[in-house]
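Here's the structure we're looking at; comments come further down.
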Amino acid sequence: MAPPRTAELDLQIQSLQAQAARDRRALEALRSLSLSCRGATQYRPIFEAVARELRHVFRFDAFYIAVCDPAKEGHFRAVLMVDEGVHEYCEDEDFGRLTGMVVSSHRPLLFRDLDTERSKFGEAPTTFGHTEKRSRSWLGIPLLVGADSIGVISLQSYEPHLYDEDDTDLLQRFGDVVAVVLENTWLDLQQQALGAALSRQVNERTVELQTLSLIAAELVVQQPLPTLLGHVLDMILPLFHMDAGTVRMYDPLRDELVLLMSRGFSAEYSREAASIPLTETISGIIARENRPLVVEDRLDASALSYLGPHLPFTSMLGVPLRAGGQVLGSLSMFGHAPHAFAPQVVELAQAVGNQIAIAVENARLFDSQKRQIRELNAIGQVGQLISASYDFQEMLDCVQQLVYDLLQPSVFYLLICSPDTKIITHAILLEDGQQLGEAWIGSPPRAGSATAWIFEHAEPLLLQDMQAQMGDLHKRGIFPKPIGTGIESRSWVGVPLRAGGSEPIGVLVLQDYRSYMYDDETVDFLSQIASHLSLGVQKVRLFEERERQLVENARLYEAEQEARRTADTLREVARVLGASFDPREVLELMLRELKNVIAYDSASIMLLDRDILRFAAVQGFDARLMMREFHIHARVSGAGAVVARREPILIPDVVATKDWMPSPGVPQVIHSWIGVPLISQGRVIGVLNIDSKQIGYFSQRDVDVAQAFANQAAVALENARLYEESITRVEQELEIARHIQSNLFPHVLPQLRGLVVAARCVPARETGGDFFDFVPLAGDRALALFVGDASGKSIPGAMLMAIAHSIVRAESRDRRLPHEVIREANAWISKDVPPRSFVALCYAMLDLDQQRLLISNAGQLTPIRRRADGELFYLETPGPRLPLGILPETRYESLEVAVDHGDLLLMFTDGIVEAQNADHELFGFARLEAILRSYAGDDPHLLIDQITNAITLFCGDVPPHDDMTLLALSIA
């Protein structure tokens, strides 16, 4: 079982992965929306596309989207209302109560339950659609272009508490893109109104809109942000007739604008102007004051000092990057020649800036989620290793590898110290990927170092820019020095490893030659890694202490340990012998384990067959003794004496005693000997012989141990004999069951004009209970068919199959409707079958002349209908679906379906979807549906071949644990 911390991390990972999957669906919906709305000049198809794409991301019963009429305050120019699939499109509509609040406030509005929150808005909200129903959950967001609301989207549900703040944020991001699309549509409508007199301007606007559409499509394609921004700049610079451009992101930590992408500048500019101050720069003015900035001629170099020698420009157009009411950065474009920027050009540039801002924000959120998932995965791996491993160096190497690969620091070091002396006992130091740090072992951290400060204060330390923070460091008593190559680091973060309460036992440090590489999230991540590692350090130290105690205990109590090993060996022999049913394996294991407690030179086990003792297993002798046999007579051998006396015999020296008779054909090379009878159910079944070349080697303790081994071996041999008998009996029963089951399958498949039938049952080793059959009905194009699965295995399961098959087939001829057949069959089976036995059955009637299918289901898997166009439907029947034989009065019902040419019906048992591979993974419904969708033929035999071949490939060498049955009907 995973520790609680690991389980919590797994839940966090799953939650983040689910959120990431939802974000990907949202991105795909945005991309589809952009593509489907490309070139649209009417609101309704755009509204319909928005409703359709939102279905992939949100649950709702009612949907409302409207665009404001700027010429009439309080009115919408166009509105689409959707309520439970009913669409209503209107124009020139008044604001509703709630939608008017959203538009006027420029903020989202969320009601988790309208019934309990109506006091917030006074009068009742405006209704539409099914007015007899009341919406409970209500979520509305404004469609923002810059700071202006141009419309509204609302989602409604008849369920309360369906939406939360995360849904609000996601819908707002979706709405930002929709606002841009609607704004583009409005621009396009204005363009149409200009007419032929403005053809040149119309053509220019068409190019602009096409470019905006291309930009929108580009922005929703998941790709690296630098690549995306480079493509956008390549498209918009020719559009605005500009020669160079930059996209910058605002960094609140440094209060600077960071260069994300540029075009028309040299690589030297990218290095020198990688970041610029927010104050006293034109780009800073744009971002700080949240407004466009236009310089048509004579660009002032003093406000662009960061450009330096890269300023051969005369004109400039810059706009803020806005998303959700926040300014994320700036878009600046520069021209060599003077430009006259019309208001619509500035508006267009702002629209592009808004789209870039949305893409930047989405990329930032996506990167943050990916980072969290990677960090949680790393923390989970460390936690699992700490829980499972006692190898100290393996733990340190794992942490070093995971953290270094994830964060790629310039310098990484991990120090472990003695809690009493603070002397470094373990050290890992990497600088630029090179291993250093051996010299640190055996000494404390350098006084005045940041590492020593962490040990002293037992708290994390984060430095965004060490050079800029040097004065503050000196006040703390920290005087950093370069290590390794001597290159000075700019970013520095370190966290302590604490033992128990707050006593530091180590430190984990990352450094980077660049500034502002680490943040509070880095501290949190490293702190969790350090917490796991500190537990591992303490665990290893406790384990090492325990090992030392065990060694000491072993030295002091050697005699006790010897007795314990003997007892453990006997228990292990008892366990293994009890689990084995192979007589040879039992005997060889017994001799092998016996030597662990009695150090003999040779040993053998002889089994008694009437009056003959045969060697069954030997150790220390020539294996050819296994082929010898001899008769037992009085005084012939020591083994014969053991059989006669039925008790152990110990002889210290067989040469010096008259009671010993050597076994015929066995070399006389022993002195000490023990013989122990193997007794099962009061009968001697063999003898255990233990030999030594030393005189007087064995003791009475050895006799007792040998007797214990012999008793265990006798029981195991008897179990093996009984097991062989039971296996033979079971195989006979299974063969009878398989014969019964095979006789239940139809030998010839029905042949009806306009219908192709295919069926197959792949039985498991143990008969699983599957059966199927076809029953011709009145008329030459009507047919009943059923698939069943009886509970139980072997002969009882087969008998239940036969009963159920006969009853269902008999009722098929007396009843016309499927539910009547199943009801009557259930009544008979409930009376006839033993308790806790049941039959799952799916029964169908197909009438090709009337082109209809009637189906009733009693606990069997739902059949699948595949239409000619590839669409799949599960034929869920109404009413109860209990298996037959459980409740005799169950009122089963039928489902009627109209069938058409090209339809295919597939009935199958649970052995199909529950087939497992070596990893215990189920074949499942998804793989079955994929095969059905890709199936393009009209021969159901080929479909069954595809399914069974796919299952065979999926399962590999794992044998089927249940029967697998398939019925496929293709209507020509």
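The values are calculated or read from the model by the stated rules, or taken from the named source; none is laboratory data. Model, not experiment: these values are computed from the prediction. In this analysis, Cβ positions are derived from the backbone assuming ideal geometry, glycine residues included, and neighbour counts consider all displayed protein chains. To get the accessible areas, we keep the full protein, side chains included, count just its heavy atoms, and leave off ligands, DNA and RNA. Shrake-Rupley method; radii C 1.70, N 1.55, O 1.52, S 1.80 Å.
Before moving on, here are some points about what is shown:
- Residue in region 755-766 that is at pLDDT 70 or above, closer than 27 Å to GLN851 by Cα, among the small types (Gly, Ala, Ser) and outside any loop (DSSP other than H, G, I, E, B) present: yes
- Here is the figure for region 951-972: residues that are open to solvent by 30 Å² or more (accessible area, probe 1.4 Å) and either over 26 Å from ALA868 (Cβ atoms) or modelled with pLDDT of 95 or more (or both) total 9.
- Qualifying residue in region 826-835 (condition: assigned by the TED database to the domain that holds VAL808, surrounded by fewer than 22 Cβ atoms within 10 Å (Cβ to Cβ) and under 42 Å from the mean Cα position of the chain (by Cα)): yes
- Residues in region 625-639 that are open to solvent by less than 80 Å² (accessible area, probe 1.4 Å) and either modelled with pLDDT of 85 or more or within 14 Å of SER604 (Cβ to Cβ) (or both): LEU625, MET626, PHE630, SER637, GLY638, ALA639.
- Filter pass, ARG254 being outside the structural domain of ASP519 (by the TED database), at pLDDT below 80 and charged (D, E, K, R): yes
- Where THR99 falls short, out of the listed (1) part of a strand (DSSP E or B); (2) crowded, with 19+ Cβ neighbours inside 10 Å: (1)
- Take the conditions (1) within 20 Å of ALA810 (Cβ to Cβ); (2) open to solvent by less than 30 Å² (accessible area, probe 1.4 Å); (3) in a loop (DSSP other than H, G, I, E, B); ALA844 misses just one of them, which is (3).
One line per residue, one yes/no per condition, for (1) surrounded by 14 or more Cβ atoms within 10 Å (Cβ to Cβ); (2) in a loop (DSSP other than H, G, I, E, B); (3) modelled with pLDDT under 80:
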position	(1), (2), (3)
TYR518	yes, yes, no
GLN549	no, no, no
ASP568	no, no, yes
MET606	yes, no, no
PHE621	yes, yes, yes
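- Filtered by the rule that a residue be over 23 Å from LEU783 (Cβ atoms) and open to solvent by 20 Å² or more (accessible area, probe 1.4 Å), region 850-877 gives ASP869, GLU871.
- The set of residues in region 878-902 being surrounded by fewer than 19 Cβ atoms within 10 Å (Cβ to Cβ) and over 18 Å from VAL821 (Cβ atoms) consists of ALA898, ASP900, HIS901, GLY902.
- Looking only at region 85-94, residues that are of a type in the set (Gly, Ala, Ser) and part of a strand (DSSP E or B) come to 0 in all.
- Among the residues making up region 679-698, a single one is polar (S, T, N, Q), part of a loop (DSSP other than H, G, I, E, B) and closer than 27 Å to LEU717 by Cβ: GLN681.
- Per this entry, GLU53 is counted among residues that are out of contact with any Cys (no Cβ under 6 Å at 6 or more places or on another chain) and in the same structural domain as VAL152 (by the TED database).
- The single residue among GLU8, GLU28, GLU48 that is in contact (Cβ under 8 Å) with a residue 12 or more places away in the chain and open to solvent by 70 Å² or more (accessible area, probe 1.4 Å) turns out to be GLU28.
- In region 590-617, the residues that are closer than 24 Å to ILE695 by Cα form Cβ pairs under 7 Å with partners that are open to solvent by less than 50 Å² (accessible area, probe 1.4 Å) and among the acidic types (Asp, Glu), at six or more places apart or across chains, as follows: ILE598/ASP702; TYR600/ASP691; ASP601/ASP691; SER602/ASP691; ALA603/ASP691.
- Matching entry among THR279, THR227, THR206 (being modelled with pLDDT of 75 or more, open to solvent by 30 Å² or more (accessible area, probe 1.4 Å) and in a helix (DSSP H, G or I)): THR227
- Scanning region 85-107 for residues that are touching a residue at least 24 places away in the same chain (Cβ under 8 Å), small (Gly, Ala, Ser) and over 11 Å from HIS75 (Cβ atoms) yields GLY96, SER104, SER105.
- Counting the residues of region 67-84 that are part of a loop (DSSP other than H, G, I, E, B), of a type in the set (Gly, Ala, Ser) and either open to solvent by less than 10 Å² (accessible area, probe 1.4 Å) or in contact (Cβ under 8 Å) with a residue 24 or more places away in the chain (or both) gives 1.
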